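J.: One structure, pasted below without further comment.
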Amino acid sequence: MALWGGRFTASTDALVTRLSESISYDRRLYSQDIRGSIAHVRMLARCGIIPGEDSERIQEELKRIEEEIRGGNFDFQEALEDVHMNIESRLIRELGDQGARVHTARSRNDQVATDFRLYLRDEIDYLTELLHHFQSSLVELGKRNVKAILPGLTHLQYAQPVLFAHHLLAYVEMAERDIDRLADCRRRLNRLPLGAGALAGSTLPIDRESVAEELGFDAVIANSMDAVADRDFAIELLSALAILMMHLSRLSEDLILWMSQSCRYIRIGDGFCTGSSLMPQKKNPDVAELTRGKTGRVYGDLISLLTVMKGLPLCYNRDMQEDKEPVFDAVDTVKLCLAAVAPMLLTIEIDDRRMLEAASDPGLMATDLAEWLVQQGVPFRTAHHRVGRYVAWCAEKGKKLNETTLAEMRESIPEAAAEALELFEARRSVEARNITGGTSSMQVKRQLAAWSEKLESLLAKA
Ligand code: ARG
């Protein structure tokens, strides 16, 4: 008989049992469920709602059940639907009437919301740690190759030379925003639903604040209906994870491009590539490709939950049981990708000669010439136009921008001087961008040092 079976006369259809069950995936909430129940019965006893000795017995038994589950010896039953009823049924089987007191002033609606929040709070902390490792791999790769210069792209076309480390540091910044979004999500998530009951609270004199404190929540959720109806925290987490994956996917795309035959700027270690079952020469950047692919899956998880929630009236609706699988899937996927990408980065070796060769195409320094003209007093739009004319003239003559004489340059750019012909050097161009946020080695080294220091102390604490 189901725990809710009092008013039922016929047993549940077998297909309904299959449709209804969540134990196959929500069993991963067992330790949070037990933690929540322990805090709950302690409070019930403190408030004189159940006898102290019953609370003690329940706590002991819950700890025993937890050990059993951890050891893989607990017999989860589909017929008992979910993790909450599997554990409660067991408690009642072992303790009889004493166990039957655990669900006092509680519903599965506030229970599951509490378990889910506790679980995601831990996952957020772990994801944050993984993001710090990811950042530190990027910084390390940048430090190992601090002199390397790469053609920076816009529209996938050569634009201006940049330091390779500057490019990597852009991803460190993205990861920092991801960490920030997770922290922000955690802040709103860390509120206690328990005590809301099914939706309206309880007639029993419970003390929600003390449960919140015991479980490490910052506060109780103020409105009992909101407490059981809200899944914003899960959607916010999925949004943050979707953005995070978008970042990993863009990095993956960069790596795939750099490893392609058209660039050949990097080699990725054998341990992080795979071969072809047919073509013996192949070595493919599969970790990057799979990460790019799994981004679609995490976006799907976000859209799933948004869609589940959009039409639901207050408060709890059974549809909401569909919240867990997408969130678990996204969390698992992101953890796996971060865990694989961070060490992969450390296996990358670069061909700085090829990178520099590509970045040394004088066309990439056309902006330097326009800005040099600005320093000679030419308005920027005029300078841009004259350099454009010069670029067209060179293209027509089949010359590179630094292969003309000064006289030839002056035909397009009357203000040109000998110095202008010396601007077409990639390293000079990089070093000239010595402003805050620019790509000069002084700026980039400063950034690398600041990130190293910050990450070292964070990872030492973890
Ligand atoms: N397994 C359920 C879920 O995940 C727990 C809450 C069930 N509540 C109910 N009223 N049937 O949502």
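J.: Out of the residues in segment 177-207 that are acidic (Asp, Glu) and surrounded by fewer than 22 Cβ atoms within 10 Å (Cβ to Cβ), which is nearest to the ligand (Cβ to nearest atom)?
T.: Initial filter on segment 177-207 (acidic (Asp, Glu)): 178, 180, 184, 207.
Then keep just the ones that are surrounded by fewer than 22 Cβ atoms within 10 Å (Cβ to Cβ); that gives 180, 184, 207.
Details: ASP180: 30, ASP184: 25, ASP207: 23 Å.
Here the residue is ASP207.
J.: Show the residue pairs that are 6+ apart or on different chains and have beta-carbon atoms under 7 Å apart, the first residue being within segment 111-123 and in contact (Cβ under 8 Å) with a residue 60 or more places away in the chain, the second being among the β-branched types (Val, Ile, Thr).
T.: Hits for this filter: ALA113/VAL228; GLU123/VAL331.
J.: Here is a further query. For segment 209-235, which residues satisfy the criterion of being without any contact (Cβ under 8 Å) to a residue 24 or more places away in the chain, outside any loop (DSSP other than H, G, I, E, B) and either crowded, with 22+ Cβ neighbours inside 10 Å or not acidic (Asp, Glu) (or both)?
T.: The one that is without any contact (Cβ under 8 Å) to a residue 24 or more places away in the chain, outside any loop (DSSP other than H, G, I, E, B) and either crowded, with 22+ Cβ neighbours inside 10 Å or not acidic (Asp, Glu) (or both): ALA212.
J.: In addition: So, of the residues in segment 95-121 that are over 18 Å from VAL220 (Cα atoms) and aliphatic (A, V, I, L, M), which turns out to be farthest from the ligand (Cβ to nearest atom)? Break it down into steps so the answer makes sense when it comes.
T.: In the first step, residues of segment 95-121 are kept if they are over 18 Å from VAL220 (Cα atoms); the result is 95-104.
Right, trim to aliphatic (A, V, I, L, M) and you get 95, 100, 102.
On the way: LEU95: 22, ALA100: 19, VAL102: 15 Å.
Per the stated criteria, the residue is LEU95.
J.: Filter segment 53-90 for residues that are not in a helix (DSSP H, G or I) and not polar (S, T, N, Q); which is farthest from LEU3 (Cα to Cα)?
T.: GLY71
J.: While we're on this one: Within the set of pairs 6+ apart or on separate chains, which have a first residue in segment 305-332 that is without any contact (Cβ under 8 Å) to a residue 12 or more places away in the chain, a second that is more than 12 Å from the ligand (Cβ to nearest atom) and in a helix (DSSP H, G or I), and C-beta atoms under 9 Å apart?
T.: Taking only residues 6 or more apart or on different chains, the pairs are ASP319/MET309.
J.: Name the residue that is nearest to the ligand (Cβ to nearest atom), counting only residues in segment 294-320 that are among the aliphatic types (A, V, I, L, M) and assigned to a helix (DSSP H, G or I).
T.: Here is the first cut: in segment 294-320, the residues among the aliphatic types (A, V, I, L, M) are 298, 302-303, 305-306, 308-309, 312, 314, 320.
Imposing the further condition that a residue be assigned to a helix (DSSP H, G or I) reduces the set to 298, 302-303, 305-306, 308-309, 320.
Working: VAL298: 21, LEU302: 19, ILE303: 20, LEU305: 13, LEU306: 17, VAL308: 11, MET309: 12, MET320: 5 Å.
Ranking the qualifying residues of segment 294-320, first place goes to MET320.
J.: What's the number of the only condition in (1) surrounded by 14 or more Cβ atoms within 10 Å (Cβ to Cβ); (2) of a type in the set (Gly, Ala, Ser); (3) assigned to a loop (DSSP other than H, G, I, E, B) that SER262 fails to meet?
T.: So SER262 meets the others, but not (1).
J.: Only residues in segment 417-433 that are β-branched (Val, Ile, Thr) count as the first member; pair them with residues that are in a loop (DSSP other than H, G, I, E, B) and surrounded by fewer than 20 Cβ atoms within 10 Å (Cβ to Cβ), Cβ under 8 angstrom, at least 6 apart or cross-chain, and list the lot.
T.: VAL430/SER440
J.: Name, by its number, the condition in (1) assigned to a helix (DSSP H, G or I); (2) farther than 15 Å from TRP372 by Cβ; (3) of a type in the set (A, V, I, L, M) that does not hold for LEU421.
T.: LEU421 satisfies all of (1) assigned to a helix (DSSP H, G or I); (2) farther than 15 Å from TRP372 by Cβ; (3) of a type in the set (A, V, I, L, M) except (2).
J.: Within segment 39-65, take every residue that is among the aliphatic types (A, V, I, L, M) and under 20 Å from PHE76 (Cα atoms) and give me the one that is farthest from the ligand (Cβ to nearest atom). Let's see the steps before the verdict.
T.: Step one: list which residues in segment 39-65 are among the aliphatic types (A, V, I, L, M), which gives 39, 41, 43-45, 49-50, 58, 62, 65.
Subsequent filtering for residues that are under 20 Å from PHE76 (Cα atoms) retains 58, 62, 65.
Numbers: ILE58: 20, LEU62: 18, ILE65: 18 Å.
Among residues in segment 39-65 that are among the aliphatic types (A, V, I, L, M) and under 20 Å from PHE76 (Cα atoms), the one farthest from the ligand (Cβ to nearest atom) is ILE58.
Condition check ((1) within 30 Å of THR128 (Cβ to Cβ); (2) β-branched (Val, Ile, Thr); (3) touching a Cys at 6+ places or on another chain (Cβ under 7 Å)) across all residues:
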site: LYS324; (1), (2), (3): yes, no, no
site: ALA383; (1), (2), (3): no, no, no
site: VAL387; (1), (2), (3): no, yes, no
site: LYS399; (1), (2), (3): no, no, no
site: LEU406; (1), (2), (3): no, no, no
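J.: Take segment 10-38 and flag every residue that is more than 35 Å from the chain's Cα centre (by Cα) and away from the ligand (no atom under 16 Å from the Cβ).
T.: Matches in segment 10-38: ALA10, SER11, ASP13, ALA14, LEU15.
J.: I want to confirm something. Restricting to segment 66-94 and keeping residues that are of a type in the set (D, E, K, R) and crowded, with 20+ Cβ neighbours inside 10 Å, which single residue is farthest from the ligand (Cβ to nearest atom)? Walk me through how you get there before you give the answer.
T.: Residues of segment 66-94 of a type in the set (D, E, K, R): 66-68, 70, 75, 78, 81-82, 88, 90, 93-94.
Filter once more, so that each one left must be crowded, with 20+ Cβ neighbours inside 10 Å: 81-82, 88, 90.
Numbers: GLU81: 6, ASP82: 4, GLU88: 12, ARG90: 16 Å.
Per the stated criteria, the residue is ARG90.
J.: Right, LEU156: surrounded by 15 or more Cβ atoms within 10 Å (Cβ to Cβ) and either more than 27 Å from the chain's Cα centre (by Cα) or not hydroxyl-bearing (Ser, Thr, Tyr) (or both) or not?
T.: Numbers: surrounded by 15 or more Cβ atoms within 10 Å (Cβ to Cβ): no; either more than 27 Å from the chain's Cα centre (by Cα) or not hydroxyl-bearing (Ser, Thr, Tyr) (or both): yes.
Against the criterion (surrounded by 15 or more Cβ atoms within 10 Å (Cβ to Cβ) and either more than 27 Å from the chain's Cα centre (by Cα) or not hydroxyl-bearing (Ser, Thr, Tyr) (or both)), LEU156 does not qualify.
J.: So for segment 236-258 (the condition being modelled with pLDDT of 95 or more, farther than 26 Å from ALA165 by Cβ, not in a loop (DSSP other than H, G, I, E, B) and not aliphatic (A, V, I, L, M)), does at least one residue qualify? Break it down into steps so the answer makes sense when it comes.
T.: Keep residues of segment 236-258 that are modelled with pLDDT of 95 or more, which gives 236-258.
So of that shortlist, the ones also farther than 26 Å from ALA165 by Cβ come out as 236-242.
Right, trim to not in a loop (DSSP other than H, G, I, E, B) and you get 236-242.
Of the ones still in play, those that are also not aliphatic (A, V, I, L, M) are 236, 239.
Scanning segment 236-258, I find at least one residue that is modelled with pLDDT of 95 or more, farther than 26 Å from ALA165 by Cβ, not in a loop (DSSP other than H, G, I, E, B) and not aliphatic (A, V, I, L, M), so the answer is yes.
J.: Return the total of residues in segment 94-113 being among the small types (Gly, Ala, Ser) and within 33 Å of the chain's Cα centre (by Cα). Before the answer, list the steps.
T.: Going through segment 94-113, the residues among the small types (Gly, Ala, Ser) turn out to be 96, 99-100, 105, 107, 113.
If we keep only those that are within 33 Å of the chain's Cα centre (by Cα) as well, we get 107, 113.
Residues in segment 94-113 being among the small types (Gly, Ala, Ser) and within 33 Å of the chain's Cα centre (by Cα): 2 in total.
J.: Then there's this: Which residue pairs have Cβ atoms under 8 Å apart, sit 6 or more places apart or on different chains, and have a first residue in segment 435-462 that is touching a residue at least 12 places away in the same chain (Cβ under 8 Å) and farther than 23 Å from GLY152 by Cβ and a second that is outside any helix (DSSP H, G or I) and of a type in the set (S, T, N, Q)?
T.: none
The values are calculated or read from the model by the stated rules, or taken from the named source; none is laboratory data. The shown structure was predicted, so the numbers you read here are calculated from the model rather than taken from an experiment. Heads up, the Cβs are rebuilt from the backbone with ideal geometry, glycines too, and the neighbour counts pull from every protein chain shown.
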